[in-house]
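Chemist: Following this message is one structure expressed as structure tokens.
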């Protein structure tokens, strides 16, 4: 589908993909999404929040459910993975992967470091290199 990309979300019962639950299942939930980037951001973010653990916070006599991962942070991380992924023919057919484990959330995207960014330079002030200019508009309204 032209103008589309893909993302997959999987929730695991332990701290690795090899962990299993009593009945032998290795996945608690999984979903794959194909479509335009805004739809992928919405669907993948919803899948993460649906599978994340919830905490209860008391505010006086009222309890409020709070997801394990803040919605804004999840959305930003997924947006960044889609925005900075490799869309070249070499990466065709690969997808952004979102993996929830009991101790962490991993978001993986096709492609490695790009442009002037090198492993030794990570964390340097002012270091920036955009692989894809068009998806940047998703981050800034209007």
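The values are calculated or read from the model by the stated rules, or taken from the named source; none is laboratory data. The structure displayed is predicted, hence computed values, not measured ones. Reconstructed Cβ throughout: ideal geometry from the backbone, glycine too, with neighbour counts over all protein chains shown.
Chemist: How many residues are at pLDDT below 90 and in contact with a helix residue (DSSP H, G or I) (Cβ under 6 Å, 6 or more places away or on another chain) if we restrict to segment 53-81?
Modeler: Selection size over segment 53-81: 1.
Chemist: Scan segment 48-67 for residues that are closer than 16 Å to residue 10 by Cβ and in a loop (DSSP other than H, G, I, E, B) and jot them down. Walk me through how you get there before you give the answer.
Modeler: Restricting attention to segment 48-67, the residues satisfying the condition of being closer than 16 Å to residue 10 by Cβ are 48-53.
Correct list: 52, 53.
Chemist: Continuing with the same structure: Looking at (1) touching a residue at least 60 places away in the same chain (Cβ under 8 Å); (2) more than 18 Å from residue 11 (Cβ to Cβ), which one does residue 80 not meet, given that it meets all the others?
Modeler: Single failed check for residue 80: (1).
Chemist: Inside segment 29-65, can you point out the residues that are in contact (Cβ under 8 Å) with a residue 60 or more places away in the chain and in contact with a strand residue (DSSP E or B) (Cβ under 6 Å, 6 or more places away or on another chain)?
Modeler: Step one: filter segment 29-65 for residues in contact (Cβ under 8 Å) with a residue 60 or more places away in the chain, giving 32, 37-38, 41.
Answer for segment 29-65, where residues must be in contact (Cβ under 8 Å) with a residue 60 or more places away in the chain and in contact with a strand residue (DSSP E or B) (Cβ under 6 Å, 6 or more places away or on another chain): just 32.
Chemist: Of the numbered conditions (1) surrounded by fewer than 10 Cβ atoms within 10 Å (Cβ to Cβ); (2) modelled with pLDDT under 70; (3) under 24 Å from residue 49 (Cβ atoms), residue 103 fails exactly one; give the number of that condition.
Modeler: (2)
Chemist: Continuing with the same structure: For the list (1) at pLDDT 75 or above; (2) crowded, with 18+ Cβ neighbours inside 10 Å, I need the number of the one condition that residue 135 fails.
Modeler: The one condition residue 135 does not meet is (1).
Chemist: Residue check: is residue 25 touching a helix residue (DSSP H, G or I) at 6+ places or on another chain (Cβ under 7 Å) and over 26 Å from residue 86 (Cα atoms)? I'd like the intermediate steps shown before the answer.
Modeler: On the way: touching a helix residue (DSSP H, G or I) at 6+ places or on another chain (Cβ under 7 Å): no; over 26 Å from residue 86 (Cα atoms): yes.
So residue 25 does not fit the description; no.
Chemist: Still on this model: Among the residues of segment 82-100 satisfying the criterion of being in contact with a helix residue (DSSP H, G or I) (Cβ under 8 Å, 6 or more places away or on another chain) and not in a loop (DSSP other than H, G, I, E, B), which is farthest from residue 50 (Cα to Cα)?
Modeler: Kept after step one, since they are in contact with a helix residue (DSSP H, G or I) (Cβ under 8 Å, 6 or more places away or on another chain), are these residues of segment 82-100: 82-83, 85, 96, 98, 100.
Those left that are additionally not in a loop (DSSP other than H, G, I, E, B): 82-83, 96, 98, 100.
On the way: 82: 20, 83: 23, 96: 18, 98: 13, 100: 11 Å.
Among those that are in contact with a helix residue (DSSP H, G or I) (Cβ under 8 Å, 6 or more places away or on another chain) and not in a loop (DSSP other than H, G, I, E, B), it is 83.
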